[in-house]
Amino acid sequence: MESFEYTAHASRVIFGAGTLARLGDEVTRLGASRVLLLGDRAGRSLSALGSLTVAHFPDVAMHTPVEITEQALSRTDGVDCLVSVGGGSSTGLGKALAARTGLPQIAVPTTYAGSEMTPVLGETAYGKKTTRRDPALVPKTVVYDVELTLGLPVGLSVTSGLNAMAHAVEALYSPQANPAVDAFALDAVARISRALPVVSARPGDLEARADLLAGAWLASMCLGAVEMGVHHKLCHILGGSFGLPHAETHAVVLPHVMAYNASSPAMPRIAAAMGVADAPAAVFDLAARLGAPLSLASLGLAEADLAAAAELATAQPYPNPRPLSAAGVRSVLGEAWRGERPPGRPDIGWLTDEVVASFGGDPRLAQLLGDLVRRLHGFVADNDLTEDEWKGAIDFLSRTGQMCTPTRQEFVLLSDTLGISSAVDLLTNSRSPDTTPSAVLGPFYVEGPPSVPSGTDLAEGLPGAPLRVDVRIVDLSGQPVREAVVDVWQSNEDGFYDVQLPELEGPVLRARLRSDSDGRLWFRTIRPSEYPIPDDGPVGQMLRATGRHPYRAPHLHFMINAPGFRQLITQLFVAGGAYLDSDAVFGVKPDLIVEFTDSVEFTFRLGADHA
Ligand code: BEZ
Ligand code: FE
């Protein structure tokens, strides 16, 4: 059973494009009028605040060094509100000053770092980073202006976005995880992973920037609500003690920590939110594709420092889904230092999206092709298809095409034996449940069979058990349908259709009849028997390779056309016949199974043609 504690921090959030214009009102709303503005990107904020700004301190620095905080502190005399504009360094300085002065803060984040929704402050003094947590540190108001992020360079957008993703990832396996934070985190993962490639390709895309910033806000709430795991610990140490850059370090370390925690139940949820198979590998591939740094070595960390970093990270116990040992953390750091790709299938979703987006023209065609490509790409990825397997598939399809002639339709056989013809048929049937069910056409129908009067013997002395067939054709109200054109065809006693026997001249066991004024017609023939579908081609090989037999249950074919009615193509199956429950083309329907003695009667119900 779930049990949890959850503290929501009270902060007011203003999100949108151009929201910076409301900054002055937000200061006034806090009852303040004398602002110390923090940050080096504060130009537009200065004009938004007008005369409310009494001092400006631009010299923010990463990891909030206490020396800088002390310099800024000397500017707080007479100030009644702190406004920080910029990335984590500006927000951090705002919090450090709030901690020392108790002044209310407004944060205007311009990156995705996410400290603005948290009660956490990390400061560095003498090369060591310390962290404190106090609800009073949470900014009173956060103004997210998407327009301010438009100019954020692509490189920083990517690393900062991955930094935000790390908050969401670690929230999902935090000991304090709860349904509210999970929902924020999963939405953050989905938004960040889908928006980053768009922002990277089109940095000025306002929609994608908004998606990313909203994801960063959600991730920031996760960071503020629950304790983070080993990833954040490692990044704090690498930044605070080894001087590594904040966002880049997050981007490099995240996939390796995720791989270490791969057995956490959070990981499949993250993968699902990203729409990928393996989350750690997918985060690495995303970072690689977007040009983020991939190794701690490339960030300037010396290999000799790895052991010390691992020691520091495990000096105190820390929550993490997989138990932490110095050796374990050392190996995570080694992989991150070398920039090794975590094991796992590559994400091909970006390729799928590119192919799907390439289809224009007729909307229905684009929809069908796009969906087909999505499923085929999914099939390739989910089954880890090898090149040899795909070559084999192409060869199979080529031979299927090469086998086709006007009388041998191997592709129809393939569609039938894979149940696709029956699937399309079932869908069609479901749209007209009151009519006689249809059944697959099969490859042996020949246009324009010989017209014969009722009472004709179609078997003309062929061997087989004699059969009389009486048919009635009615509409949905039971009224007779007259002058309906009814084509019938079937195989001989050995299971062959005439088109399969080259020595035969002319049509055999096929005919065209018409219904009389009472909707009736009848004919004589022989009782149909089970037969194998042609299995001397690729489809036969497929059946044998998969342990399937090629037999169809015994049946008669009908194609019925009448003016004003929808065409009906169907079959009647012999009750008690062989293969009724394992028909090679999945074509048997219970409503079409009828008693055949030496005669058979059946009433077909046609639906009106509204087309
Ligand atoms: C047939 O009933 O004639 C048939 C249907 C599908 C595949 C092969 C034969
Ligand atoms: Fe048939």
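The values are calculated or read from the model by the stated rules, or taken from the named source; none is laboratory data. This is a predicted model, so every value here is computed, not measured. Heads up, the Cβs are rebuilt from the backbone with ideal geometry, glycines too, and the neighbour counts pull from every protein chain shown.
Summary of computed values
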item	result
Some residue of the stretch 527-541 being over 30 Å from F396 (Cα atoms), more than 16 Å from ligand 1 (Cβ to nearest atom) and at pLDDT below 95	no
Subset tally (residues that are surrounded by fewer than 14 Cβ atoms within 10 Å (Cβ to Cβ) and of a type in the set (A, V, I, L, M, F, W, C)) for the stretch 352-384	6
Strands (runs of 3 or more DSSP E) within the stretch 88-192 that include 3 or more residues charged (D, E, K, R)	128-133
Looking only at the stretch 562-578, and only at residues there that are under 44 Å from the mean Cα position of the chain (by Cα) and more than 12 Å from ligand 2 (Cβ to nearest atom), the one that is nearest to L592 (Cα to Cα)	L568
Cross-chain or 6+ apart pairs with Cβ under 6 Å, the stretch 140-163 first and free of Cβ contacts under 8 Å to residues at least 60 places away in the same chain, then assigned to a loop (DSSP other than H, G, I, E, B) and surrounded by 19 or more Cβ atoms within 10 Å (Cβ to Cβ)	G161/Y112
Test set (1) in a strand (DSSP E or B); (2) without any contact (Cβ under 8 Å) to a residue 40 or more places away in the chain - E505 fails condition number	(1)
Test result for E67, closer than 30 Å to L196 by Cβ and among the charged types (D, E, K, R)	no
Selected residue [out of contact with any helix residue (DSSP H, G or I) (no Cβ under 6 Å at 6 or more places or on another chain) and aliphatic (A, V, I, L, M)] from V142, V138	V138
From S51, S74, S89, S47, residue being among the polar types (S, T, N, Q), under 28 Å from I192 (Cβ atoms) and not assigned by TED's automatic domain parsing to the domain that holds G215	S89
Selection count where residues are of a type in the set (A, V, I, L, M), surrounded by fewer than 16 Cβ atoms within 10 Å (Cβ to Cβ) and touching a Pro at 6+ places or on another chain (Cβ under 9 Å), scope the stretch 308-344	0
Residues (assigned to a helix (DSSP H, G or I) and within 19 Å of A277 (Cα to Cα)) located in the stretch 373-389	V373, R374, R375, L376, H377, G378, F379, V380, A381, D382
The stretch 367-384 residues that are free of Cβ contacts under 8 Å to residues at least 40 places away in the same chain and over 17 Å from R345 (Cα atoms), paired with ones that are of a type in the set (F, W, Y) and assigned to a loop (DSSP other than H, G, I, E, B) (beta carbon under 6 Å, 6 or more apart)	L369/F359; G370/F359
Odd one out for R202, checked against (1) more than 22 Å from A273 (Cα to Cα); (2) free of Cβ contacts under 8 Å to residues at least 60 places away in the same chain; (3) surrounded by 23 or more Cβ atoms within 10 Å (Cβ to Cβ); (4) charged (D, E, K, R)	(3)
Set P502, P538, P528, P534: member being assigned by TED's automatic domain parsing to the domain that holds G587 and in contact with a Pro (Cβ under 6 Å, 6 or more places away or on another chain)	P528
Filtered residue count, the stretch 261-282, keeping only those that are part of a helix (DSSP H, G or I) and touching an Asp or Glu at 6+ places or on another chain (Cβ under 9 Å)	8
Scan of the stretch 28-38 for residues that are under 15 Å from S84 (Cβ atoms) and surrounded by fewer than 24 Cβ atoms within 10 Å (Cβ to Cβ), ordered by number	L30, A32
Single residue of the stretch 542-589 satisfying the filter (of a type in the set (D, E, K, R) and not in a helix (DSSP H, G or I)) that is nearest to ligand 1 (Cβ to nearest atom)	R552
Options R22, R34; residue that is over 23 Å from A216 (Cβ atoms) and of a type in the set (K, R)	R34
Residue selected from the stretch 602-611 under the condition surrounded by 13 or more Cβ atoms within 10 Å (Cβ to Cβ) and not β-branched (V, I, T), by the criterion nearest to the chain's Cα centre (by Cα)	G607
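For (1) closer than 24 Å to A297 by Cβ; (2) at pLDDT 90 or above, each residue gets a yes or a no:
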| position | (1), (2) |
| --- | --- |
| A310 | yes, yes |
| R322 | no, yes |
| E340 | yes, yes |
| I348 | no, no |
| D353 | no, yes |
